[in-house]
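Trainee: Supplied in structure tokens, the structure appears directly below.
Coordinate-derived values only; no laboratory data. Quick caveat: nothing in here was measured; it's all calculated off a predicted structure. Cβ atoms come from the backbone with ideal geometry, glycine included; neighbour counts cover every protein chain shown.
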Amino acid sequence: MGSVGTFAAGILMGLLAGLLNGIFLLPMRYTKKWAWENVWIFFTILSCGLFPWIAARIAVPHLMDVFRSVPLSAFVPGLLAGLVWGVGQVLYGLGCGMVGIAIGSAVIGCTAITAGTLGPLIVYTPSKIFSSASLILLVATGLIVVGIYMYGKAGQAREREMAGTGEKQIVAGTFRLGLTICLICGVVGTIFVYGGRSSTGLLIAAKGAGASSLLTFCVPFVVTFNAGAVAGTVFSLYKLRKNRTGSYFLTSGAFLWNLGMAAAMGLLWYSALMLYGMASSALGKLGSSVAFALFSSGTVLFANLFGWLVGEWKGASRQTIQGFIKGMVFIVCAILLIAFGLNTQ
């Protein structure tokens with residue numbers, strides 16, 4: 001897996017990616033008199049539209065020459081991956097709306113960590129599937145899944161205890177349909193990985209232009225996330241029209257402040273994706289799988305630690321809090337196993 005120093009740096013970048021992804025929604029708490037869709041449309045445009053270009057322009061000399069030097073076929077993997085990934089982001093809200101946020105997030109999280117770890121392993125390094133490093137990674141993935149499952153149960157119990165009757169369904173549909181959507185969402189939410197890794201033409205061109213091997217992914221990420229912005233933007237426009245919240249842009253009296261909060265969200269989120277990409281490059285042949293495990297587990301761990309700090313679990317029963325803590329312990333154990341188990345391979 002390369003030198004110990006490079007591996008350690010990759011581990012830290014993967015965890016930091018999880019930290020930033022776990023807290024990127026915090027600025028939304030401080031927006032004023034805007035609905036979700038008012039914030040989300042700017043977040044989508046900035047995080048998936050603008051910031052990938054800025055990052056790629058900084059990382060890759062003569063960026064436009066790189067794009068002009070490759071055939072149109074080189075853009076296909078990123079475009080397809082981005083479009084599918086963008087639909088997955090919309091499905092997240094629909095699935096959680098049908099089955100509840102606690103259950104939906106747990107199902108999506110378990111599915112995503114499994115697909116995001118096993119998928120790249122099977123597609124890009126099939127010869128490594130039965131290696132000792134892969135087996136350690138699979139055990140760690142299992143621990144993460146158990147941890148997310150236990151957290152999901154605790155989250156459901158918390159909502160039931162604090163609301164008295166449990167979560168109210170906010171999107172019409174059967175529980176089975178909602179569960180199916182969550183399962184699909186967990187899988188397609190990992191597709192951006194392939195947009196970056198499979199765009200070999202763009203990666204080679206970026207490296208030929210002088211980009212660092214740690215940052216060549218920035219070029220296909222432009223294609224992937226620009227394509228991914230389509231679904232999120234269209235859905236936000238639909239919500240603005242349906243809920244008649246477009247006027248809030250003019251009447252809130254806090255347009256620049258709210259725009260700043262949306263920009264902060266976008267910067268945190270895309271910085272997380274940048275760090276994931278760098279970790280994937282630094283962690284060797286199994287980098288995509290290892291980095292995704294760290295990225296996903298770190299997201300769950302840090303998001304819930306911050307949730308704890310801001311009082312989201314205040315009022316929950318002792319048994320429910322114990323379930324939450326046990327889930328987080330499983331995730332921490334998985335991170336330690338990856339950091340110290342794989343480092344010895």
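Trainee: Which value, in debye to the nearest 20, describes the size of the charge dipole of region 188-345 about its Cα centre when Lys and Arg Cβ atoms bear +1, Asp and Glu Cβ atoms bear -1, and nothing else is charged?
Mentor: Details: 10 positive and 1 negative charges, 72 e Å.
The dipole magnitude comes to about 340 debye.
Trainee: I've got another one for you. Give me the three principal axis extents of the chain from the C-alpha atoms, as integers in angstrom, largest value leading.
Mentor: For the chain, the Cα spread along each principal axis is 59, 49, 34 Å.
Trainee: Over the residues of region 190-262, compute the C-alpha Rg and express it relative to 2.2 N^0.38 Å.
Mentor: 1.61
Trainee: Right, another one. So for region 4-344, if I pair up every lysine 8 or more residues apart or on another chain, how many of those pairs have alpha-carbons under 22 Å apart?
Mentor: So the count works out to 13.
Trainee: Also: Checking a compactness column here: for region 199-345, what do you get for Rg(Cα) / (2.2 N^0.38 Å), N being the number of residues? All intermediate terms of the calculation are to be shown ahead of the outcome.
Mentor: Numbers: Rg = 20.4 Å, N = 147, 2.2 N^0.38 = 14.7 Å.
Relative to the 2.2 N^0.38 Å estimate, region 199-345 comes out at 1.39.
Trainee: Now for a separate question. Assign unit charges at the C-beta atoms only (+1 for Lys and Arg, -1 for Asp and Glu), then state the dipole size of the chain relative to its Cα centre in Debye, rounded to the nearest 20.
Mentor: About 460 debye.
Trainee: Right, something else. Restricting to Cα pairs below 8 Å that are 6+ residues apart, what does the relative contact order work out to for the chain? Please round to a whole percent.
Mentor: 43 percent
Trainee: Between 243, 75, 269, whose Cα lies farthest towards the positive end of the dipole of region 4-344 when Lys and Arg beta carbons carry +1 and Asp and Glu beta carbons carry -1, centred on the Cα centre?
Mentor: Of the candidates, 243 comes out farthest on the positive side.
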